[in-house]
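Here the structure is laid out as structure tokens; the discussion comes afterwards.
The values are calculated or read from the model by the stated rules, or taken from the named source; none is laboratory data. Values in this document were obtained by computation on a predicted structure and should not be read as measured data. So basically every Cβ, Gly included, is an ideal-geometry build from the backbone, and we count neighbours across all protein chains shown. Keep in mind that these areas ignore ligands, DNA and RNA; they rest on the heavy atoms of the full protein, side chains included. Shrake-Rupley method; radii C 1.70, N 1.55, O 1.52, S 1.80 Å.
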Amino acid sequence: MTAVAERITGLVGALRGHGVRIGTGETVDAARAVEALGLADRELLREGLAATLLHGPGQRALFDSVFDLYFPRGVGGPREAPLDRETLRDRLAEALAADDRALMARLAAEAVDGMGGYGSSPGSDGWSAYQTLDRLRPQTLLARVRADVRGRDGSGAGFADRLLDDEIRGRIEEFRRMVAAEARRRVAERRGRDEIARRGVRPTADRVDFLFANRDQLTELRRAVAPLARKLATRLAARRRRAARGTVDLRRTLRSSLSTGGVPMRPVLRRRRPVRPELVLLCDVSGSVSGFSDFTMLLVQALHDQFSKVRVFAFVNRLDEVTGLLDHGRADPDGLGARIRAEATLTGWHGSSDYGVALGEFAERYGGAVGPRTTVFVLGDARTNMSDPNLHAVREVARQARRVYWLNPEPRDRWGTGDSAAPAYAGLVAMHECRTARQLGALIARLLPV
């Protein structure tokens, strides 16, 4: 049992390293689940540990990857004879047509063992899922599997083909995940589970760097907007209730204490009548920064009930108001960025970012949007392509607004390098590093006015 206990604590430690909050009680529950379920049925054990350790479905993909390292399907490699690529493709097509997950898992292990190894030491220095899939090319089996499935059920071609194709693509994607899990397992046997769990497992979407997130990760982030907005709305409402209580009115408290012999038994508070603040967003939607801006715009739109007014402006080197487009974006969040780029005027005679021109245009054309109750958020990396940063426009906005915050998705150690004007802007307004959705949620909860 000592070895099993070490695997449980290793699993818990790896999940904690990726930001999953797991307490001592949950770790004990996991150990009890292993004792009750046993090790014979690996998938039953997986579900039992997931039920005791996870707090939401967004953590499941991370958990599955880490679980496969600490409770692997097997050890070593399955190959006993030279692997024939075409024979393996034929067997994989049959497994995909039959949706035989057990056979797909065995074929994934054979494929990694026979096609994924690299290096010159005995056996291999490592195993690569990318190399395996590049050589096997399972995505090219779609037509063959479709024909096989039709032959099995006797159905003809037609509208149902699209549904069938989606189903087959899902099976192929599952096989790709099996190959990735097998490659990680084989590497972990050589380099150690803890290191691979720390370096080789994809983090949850809320910990992915905005600047390096791929399309699938950005899609997953957009799905996380609604639950994050609900959590932030709850926090803002609690802060607003506390703020409404006001501070102690010393004069009225002392006057009231006369009835109790001068002892202030009941402090009298100055009752506040808080007015919901106004919010303005200025969003750079160029290049890799666009994913960060799109996510933040969707999050603020989901929180619009917390403010008396929300106005959103997007820019590259020209600035345009996109508040109305965000209402449409609620129905299709994945298409928000394309809609803004298609319908708003964001560029002039060139397509590169120009913060000086965009900020100057905001100060000149939309200065009336900023008042003493307005909090302004600027979203962008502050890279001006060596153009004039127009610090005067930023001073003007800061003078009119209640608060101005700049959220920068670049690491702090890159501010001021190359064409970055971040230090100059940070000298005028509060600039915060904001690289992940987790950081953004914490900043929004702390900085948004009540």
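Rolling a 1.4 Å probe over the heavy atoms of the protein chains gives the chain an accessible area of 51 Å² per residue. Amide H to amide H distances under 5 Å link G126 with Y118, where only residues 5 or more positions off or on other chains count and H is placed in the peptide plane. Report, as a whole number in µm² per second, the diffusion coefficient that Stokes-Einstein gives for region 273-407 at 25 °C and 0.890 mPa s using the Kirkwood radius over alpha carbon pairs. The Stokes-Einstein estimate is 165 µm²/s. Seen from every direction in turn and averaged, the convex hull around the alpha carbons of region 2-70 projects onto 4.1 nm².
Let's test the formula: R0 of 45 Å, r as the Cβ-Cβ distance of E343 and R199. What FRET efficiency results, to the nearest 0.05? Before the final figure, lay out each step's value.
Details: r = 42 Å, r/R0 = 0.94.
For E343 and R199, the calculated efficiency is 0.60.
For region 2-70, what % of the accessible area comes from carbon and sulfur atoms, probe 1.4 Å? Before the final figure, lay out the partial values.
Values: 1860 of 3320 Å².
Carbon and sulfur together cover 56 percent of it.
Dividing the summed -39500 (n - 2.57) terms of all DSSP H runs of n ≥ 4 by the residue count of the chain sets its mean residue ellipticity at 222 nm at -17000 deg cm²/dmol. Relative to the longest principal axis of the Cα atoms of the chain, the long axis of helix 437-447 makes an angle of roughly 10 degrees.
A dipole drawn for the chain from +1 and -1 charges on Cβ atoms has a positive end, and of Q306, G25, L49 the residue lying farthest that way is Q306. Counting only alpha carbon atoms, the long axis of helix 225-245 and the longest principal axis of the chain meet at about 30°. Comparing T247, F377, G114 along the charge dipole axis of the chain, the residue lying farthest to the positive side is T247, per the Cβ-charge model. Against the main long axis of the alpha-carbon atoms of the chain, helix 85-98 sits at an angle near 70°.
If both residues of a DSSP beta bridge must be in the chain, then about 25% of such bridges are antiparallel. If you model region 192-322 as an ellipsoid using its alpha carbon gyration tensor, with each semi-axis the square root of five times an eigenvalue, the axes come out at 45, 23, 11 Å, biggest first.
With all protein chains in place and a 1.4 Å probe, the accessible surface of region 317-450 carries 49 percent carbon and sulfur. One chain, two ends: D148 and K231. Fully extended at 0.36 nm per residue, the span grows by 25.1 nm beyond their Cα-Cα distance.
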